[in-house]
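Every number here is computed from the coordinates shown, using simple stated rules; none is lab data. Because the structure is a prediction, the values reported are computed rather than measured. Neighbour counts run over all protein chains shown; Cβ positions are idealised from the backbone, glycine included.
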Amino acid sequence: MAGTTAAHDRGREPLRGAGHDRAREDQPQDGPDDAFDGDAFDDGPAAGHLSALPVSTRARGLLLTIGGLVGFVSAFTLTVERFKLAEDPGYVPSCSINPVLSCGSVMTTDQAAVFGFPNPLLGIAAFSVMTLLGLLVLSGAPLPRWIERGFQVGITLGAVFVGWLVAQSVYSIHALCPYCMVVWTVVVATFWTTTADSLDRGLLPVPGPLRAAARTLVEFRVLAAVLTYALIIALVGVEFWGYWSTLL
């Protein structure tokens, strides 16, 4: 009787095994498709960041390095041209192209030496620092936060100064300096990128109610720069339309 029972149990074991295997087959299995599950990726910002679209270290380093070099060359060229004009009042700077695009008309104004010396000397110093910081960022060297905050203050003051110079050039001097406009371009791009990066990494503290607005600025930093360029172009286009229309 015991042997019959044992044989019966052994006969049932394959059936339980097959049923158990079929049950396991019916259960959802992990597979490649799970990599696309909503929980597999976190679309939120990484630790230490405000936005999910931060400024990459490489992009920031390249902007500071290339922008710094371009700004330095422009400022240095302007300084050389200014000294030549000081030595010879009849000298025509290389960037004096027409009545509107005329460095000579700008260089001789009070606005061109706000602090008692030619403004481009400020640019030479500032863009040298900017280039050095860019090279350090590209090298991967960690920068102290006080240096990064100091650069944020500097580029903000530079952007305010550029805004004032734009207004002076368009509405007071009524002439544009091509090399100056190159500097404007560099400063605008650097300001928005640096500000976005500072907000994103907490270099600029953001109160809770303003975090959403700060995140938007970080993620739309390129648009902010483009709109700034568009505003400058619009101001120049409208103010000097009388001259531009003669070229059409």
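When the residues of the range 149-176 are filtered to those that are over 27 Å from Val80 (Cα atoms) and touching a helix residue (DSSP H, G or I) at 6+ places or on another chain (Cβ under 9 Å), the one that is surrounded by the most Cβ atoms within 10 Å (Cβ to Cβ) is Gln152. Scanning the range 133-192 for residues that are without any contact (Cβ under 8 Å) to a residue 40 or more places away in the chain, of a type in the set (Phe, Trp, Tyr) and over 21 Å from Leu204 (Cβ atoms) returns a single hit, Trp164.
Restricting to the range 182-203, count the residues that are surrounded by fewer than 17 Cβ atoms within 10 Å (Cβ to Cβ) and of a type outside the set (Gly, Ala, Ser).
1
Checked against (1) farther than 24 Å from Val236 by Cβ; (2) in a loop (DSSP other than H, G, I, E, B); (3) among the polar types (S, T, N, Q), Thr131 passes all but condition (2). Going by the structure shown, is Arg82 surrounded by fewer than 14 Cβ atoms within 10 Å (Cβ to Cβ) and over 27 Å from Thr228 (Cα atoms)? No.
Scan Tyr179, Tyr243 and give me the residue that is in contact with a Pro (Cβ under 9 Å, 6 or more places away or on another chain), among the hydroxyl-bearing types (Ser, Thr, Tyr) and crowded, with 16+ Cβ neighbours inside 10 Å. Before you say what the answer is, go through the steps one by one.
Working: Tyr243 fails: crowded, with 16+ Cβ neighbours inside 10 Å.
Only one candidate qualifies: Tyr179.
Kindly establish whether Trp146 is more than 23 Å from Val218 (Cα to Cα), out of contact with any helix residue (DSSP H, G or I) (no Cβ under 8 Å at 6 or more places or on another chain), of a type in the set (Phe, Trp, Tyr) and part of a helix (DSSP H, G or I). Answer is no for this residue.
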